[in-house]
Every structure is written in C-alpha cells, then in structure tokens.
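Structure record follows, encoded as structure tokens.
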Amino acid sequence: MIRLNKYLAERGVCARRKADALIESGVVAIDGRIARLGESIDPETQGVTVNGRSIAHASQKSSTLVMNKPRGVVTTMHDERGRPCIAQLLPKGPRYFPVGRLDADSTGVLLCTTDGELARVLTHPSFGVEKIYRVRAVGALTAQTIAAIGAQGVRRNADGSCTFTMMLKEGRNRQVRRMCAARGLRVIDLERIRFGPVTLAGLKPGKTRLPTRDEHMELERLRLLAGRGPETTLKPRKRAAVQPTE
C-alpha cells in the first residue's frame, strides 16, 4: 500500500502538497469513486484517475514527447486565467506533464512525459543536466558582461541587438532573464534550443514529436541515474531545490 499523495508525486502528476490539494478538490478518483485525503492505495490492483485521465502504473511503459513551445502559451496543463496552455497542444491519451518550465514569452524545447523519475533527473539541480538557450537582447554587451553571464557565440545584429547562447545546469525562476537584467541587458527573444540530449531538430512551433533513437537512448541513460548511488557519472551536489524554469 502507498499513500495516494505519494503515489501521485511518484508518477509525476505534481508535488505531494499539490497532490493533497487535488485530492481535496475532488478531481482524483480511485476505481471510479472520489478519493479521500489521507487514504492509501494498492497500485497493482486499484486504478487512479485525475480529471478523468488514468495515471499509469510504474510497471506500464512510460512515454515522453518533445514539444516546440510557442510564444504566448503557458507551461501548465490548466490555467485559471484562461490563457492558452500546453495541454491544448498535446495528443489525447496518457497524462503528460511538462518537465522544466518555460515562461509564456519564451519558446523552444519542452519535454512532456509520464515518467516521474526521468522528470526528477532532468530538473533537479543535483544532476546538472545542461540546458542551452538562444538569447537576443539589447544593451551594452561588454567583455565583462559576456564573461559574467557565460555568453557564447556572440553576434551583433543590424538593429543594435545581440544574439548569443547561454548554458545552465540548474534553473531558477526566469534565471536567464534575471542574469541578463542584472548586467543591464533586456531580453527580446528567449528560446531553449537544447534540453539535455534533446534538440528542436526542425520541429515547428506548437508541434510535438517522439524523441529520436539517439535522444531516447540518452534519456534512458539519464533515467537510470535516479536509482544509482554516488558511483554515477553525474554525482549529486548538495544544493537546495529550485523551481525548474528558465
């Protein structure tokens, strides 16, 4: 038996506290009946749904999709303010959830998965999974600023803006924008062009695809890190958890 909120968290639906809120709201059901806060389930014999959608058991094959998130879409499955959200771009079927948020004005690689363990490895700062962003900004991009923010491939544009890439291994809330703003740069465009082993690979905005064979193999390698100890290649570092956004 396992506590329902823990089960929802392990299956990647949401964190435990949010799981409790979901249960209290009445949208979680066990074998067709409304779930009660604090109860436990047997995942092998009981079925769980959230908003009518089934939650896959750990023994069921997980699924991951690559999305090119367009501008103006929020990285949530439901938005109380009625804004367009990524749920409207995902196919019907398994309950996917986004891995590593992008704000509404940012675009690019967004992974959506049913695999909670993979999501944990990809987003938790202790595993240091690389994320690369293409930035277009205005402001004085001095040599000191380039060094401070780790800008690479700097290009000066005819309109006075600059384009460059930045690599992060952890992601605090709007971190790229905050790092640039701290050096007097205003970000005009922000696109995540790589998340771990996954790139856009010609994917059009608003569209999804399955990972390529090579991407899938690398994602599986990363997923295996979740259950290993300190002998793993990416050794966990003692850092406080942060919100997995750009």
_Which condition from (1) in contact (Cβ under 8 Å) with a residue 24 or more places away in the chain; (2) in contact with a strand residue (DSSP E or B) (Cβ under 8 Å, 6 or more places away or on another chain); (3) within 30 Å of Thr199 (Cβ to Cβ) is the one that Gly72 breaks?_
(2)
*Name the pairs: first residue in the stretch 155-172 and without any contact (Cβ under 8 Å) to a residue 40 or more places away in the chain and in the same structural domain as Tyr133 (by TED's automatic domain parsing), second residue of a type in the set (Lys, Arg) and exposed (fewer than 15 other Cβ atoms within 10 Å of the Cβ), Cβ to Cβ under 6 Å, at least 6 apart or on different chains?*
Cys162/Arg156; Thr163/Arg155
*Out of (1) over 30 Å from Pro91 (Cβ atoms); (2) in a helix (DSSP H, G or I), what's the single condition that is false for Arg136?*
(2)
*Which one of the conditions (1) at pLDDT below 90; (2) outside the structural domain of Glu191 (by TED's automatic domain parsing) does Ile34 fail to meet, given that it meets all the rest?*
(1)
_From the list Gly100, Gly128, Gly139, Gly116, exactly one residue is modelled with pLDDT under 90 and surrounded by fewer than 17 Cβ atoms within 10 Å (Cβ to Cβ). Which is it?_
Gly128
_Taking the condition of being under 14 Å from Leu185 (Cβ atoms) and in a loop (DSSP other than H, G, I, E, B), how many residues in the stretch 142-170 meet it?_
6
_Please go through the stretch 37-75 and give me each residue that is modelled with pLDDT of 90 or more and closer than 24 Å to Lys207 by Cβ, ordered by number._
Thr64, Leu65, Val66, Met67, Asn68, Lys69, Pro70, Arg71, Gly72, Val73, Val74, Thr75
*Name, by its number, the condition in (1) under 30 Å from Glu220 (Cα atoms); (2) touching a helix residue (DSSP H, G or I) at 6+ places or on another chain (Cβ under 9 Å); (3) surrounded by 12 or more Cβ atoms within 10 Å (Cβ to Cβ) that does not hold for Thr165.*
(2)
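Anything in the stretch 175-200 that is under 15 Å from Leu110 (Cα atoms) and in contact (Cβ under 8 Å) with a residue 40 or more places away in the chain? List them, or say none. Spell out the reasoning first.
So in the stretch 175-200, the residues under 15 Å from Leu110 (Cα atoms) come out as 190-200.
Those that are under 15 Å from Leu110 (Cα atoms) and in contact (Cβ under 8 Å) with a residue 40 or more places away in the chain: Leu190, Glu191, Arg192, Ile193, Arg194, Phe195, Gly196, Val198, Thr199, Leu200.
The values are calculated or read from the model by the stated rules, or taken from the named source; none is laboratory data. Bear in mind that the values here come from a model prediction, so they are computed numbers and not experimental data. We place every Cβ from the backbone using ideal geometry, glycine too, and count neighbours over all the protein chains shown.
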